[in-house]
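The structure under discussion appears below in the form of structure tokens.
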Amino acid sequence: MPNTNVSWAIRAVPLMGQLTGYNRAWLGPDLLAGLSVAAVALPAAIAYPSIADLPVQVGLYAAILPAVGYALFGPSRQLMVGPDTATTIMLASALLQLGVAGVDARLAATAALALLAGLLCLLAGLLRFGFIANFLSRPVLLGFLAGVALTLIVGQIKRLTGVSIEASGLLRPLLELAGKLGDIHAPTLAVGLGLFGLLRLLRWYKPRFPGPVAAILIGGVVTVTADLPHHGVAVVGTVRATLPSLQFSWPSGVALDDLLLAAVGIMLVSFVSGIVTARSFAAKNRYSVDANLELLGFGAANIASGLFGGFPVTGSDSRTAVNDAVGGKTQVVGLVAAATLLFTIFFIGDVLAYIPIAALGAVLASAAVDLIDVRGLVALWRLSRIEFLVALVTLIGVVAVGVLHGVVLAVAVTLAHLLWLTSQPRDALLGRFPDRSGLYKLHNNPEARPIPGLIIYLVQAGIVFFNADYVKQRIREIVEQHAGPAKWFILDASAINHLDITAVEVLEDVRSMLAERSVAFGIAELHTRPRTIVEASGLADRMGRKMLFESSEEAVTAFQRLGM
């Protein structure tokens, strides 16, 4: 009999389950993968804090503690977590919206947002709200990430040129830069564009090569050999070598409801970005992902980050890709990566001080370019102009009203698109081939013919309050345009998974309208829940229960038996 306490502990701390069946042969790949993940994580940990005007060590803490939190409580053996472009831009937007000024106040607000985002993830996971990821469609994600990318690229103008930009948005900073071309610092621009070009070339020719690591190292070497600070090129400066410690303090002067609203946006982007990464690698390696358990893992990662002075994190596609390529087997990889980064803070912190700020701008700008899925957008344009428009509206919204409000807009656009699709459900008339059994959609099969006197109408969606009138109007048009007298009208409900009160009332109107034309109304293949409401409302009795059929084929048989 299995030990109940051990089973409970494995469910509560998934890493225990991974270690219980650990194979010694996995240790080598796990160690190598951990070192490789740390190498890729280091440039991002240094660069990303600058997006939100935070000290470098905050990014290092956000790369270390969340990796440990997810390693302990995350369900995936493969997913790596850490700072991410979209989530960090969300943080920067939230701090701007909250009006937080001063380094200490920004640090406190950042930690609070990470902690609240983590708690919201835990709550959503426990309440099984993982399904919310399904409401952000691919067009919305494409548009959202492209908008985030453009925002981030524009945000690197100062780091890449040395020109201070006061304007916000997309076009205004570019116009301001155009008016300050004479202020561009040539050495800074040369370093930034040179490293950016290198990153794009590496991305093009060697996509698996850790380009950000190379850019950071080359930037440091050039700084020392060419004495860049002497030429006015800004560098990171000394990184304070301190252990991450429990240092949470509630931000003063910020309302809790404002923090919660910002945390909801951050949590949503963090979860969606992370679950997309988790699902992508799960599909590649043929295993499944439980969104609710991932919420718990992301919650643990963000809580660890918030309590120890980091910022919100999510699943990282670059670190997960490295882990996958090297062959990591368990979350031991995450623990090794965290230990390696901790070692880095103490022993090579002085080296990090020589990294040019322009190198960080190049790393961030290159990462932003990779967020723009041009092929995906072109495919949307080719396959569905409506979905391309959804992506475009989301992109413009993120750029025009900011990332935080852009999340709300993305959700609104998704729901509006969903309502639009279901407000005019696809439908079809069914008929037969002269020499073949079964029923077929007439618009797909030109040789099929309707059954004389019998109209079989298939609705391919639930009928609810916002599409019921459309269905009613379609039935009216079909009856009026029907060639020859109709005796029966059968609603094929095989694809109708839901009927609400409004729909039943509309179907009653349809029954009355057809009765005035001496046409009997029937329904075929009602599922259990819709059938219950049809019977409870009395519609079944007014139709006559003999007009409820198990299938449309049964309705055809009954119609022909009556010789109609």
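Just so you know, all these numbers are worked out from the coordinates, no wet-lab data involved. Everything numeric in this text was worked out from a predicted model, so none of it was measured. Positions of Cβ are generated from backbone atoms using ideal geometry, with glycine treated the same way; all protein chains shown enter the neighbour counts.
Distance between the modelled labels on Ser164 and His405, one decimal in nanometres: 2.7 nm (7 Å Cα→Cβ projection). Taking only the alpha carbons of the chain, we obtain Rg and Dmax values of 29.7, 100 Å in that order.
Relative contact order of the chain: 22 percent, from C-alpha pairs under 8 Å at least 6 residues apart in sequence.
Here is how the number arises for the chain: DSSP H runs of 4 or more residues each give -39500 (n - 2.57), the sum is divided by the residue count, and the result at 222 nm is -20500 deg cm²/dmol.
Listing Phe209, Phe298 from fewest to most neighbouring C-beta atoms within 10 Å gives Phe209, Phe298. Once the C-beta distance of Arg545 and Arg449 is scaled by a Förster radius of 25 Å, the resulting FRET efficiency is 0.25 to the nearest 0.05.
Here the residues Arg24, Arg138, ranked from fewest to most Cβ neighbours within 10 Å of their Cβ, fall in the order Arg24, Arg138. Separation of segment 442-489 and segment 162-180 by C-alpha centroid, Å? So the two Cα centres are separated by 59 Å. Semi-axes of the equivalent ellipsoid of segment 427-561 are 23, 15, 15 Å, computed as sqrt(5λ) over the eigenvalues of the C-alpha gyration tensor in descending order. Spin-label model, Glu505/Leu127: points 7 Å from Cα along the beta carbon direction are separated by 3.0 nm. A Cβ-based charge dipole, computed about the Cα centre of the chain with Lys and Arg at +1 and Asp and Glu at -1, lands at about 1100 debye. Straight Cα distances below 27 angstrom link Lys206 to the lysines Lys284, Lys329, with same-chain residues fewer than 8 positions distant left out. Listing Ser366, Ser518, Ser551 from fewest to most neighbouring C-beta atoms within 10 Å gives Ser518, Ser551, Ser366. With the simple spin-label model, which puts each label point 7 Å out from Cα in the Cβ direction, the Ala178 to Trp204 separation comes to 2.7 nm.
Simple rule: put +1 on each Lys or Arg Cβ and -1 on each Asp or Glu Cβ in segment 498-553, find the dipole, and look at His498, Ser537, Ala520; the Cα lying farthest toward the positive end is Ala520.
The phi torsions of segment 159-165, fed into the Karplus equation with coefficients 6.51, -1.76 and 1.60 and a -60° offset, translate into couplings of 5, 8, 10, x, 8, 6, 10 Hz, rounded to whole numbers, with Gly and Pro shown as x. Bridging of Lys472 to lysines at a Cα separation below 23 Å is possible for Lys441, Lys487, Lys546, once same-chain residues fewer than 8 apart are set aside.
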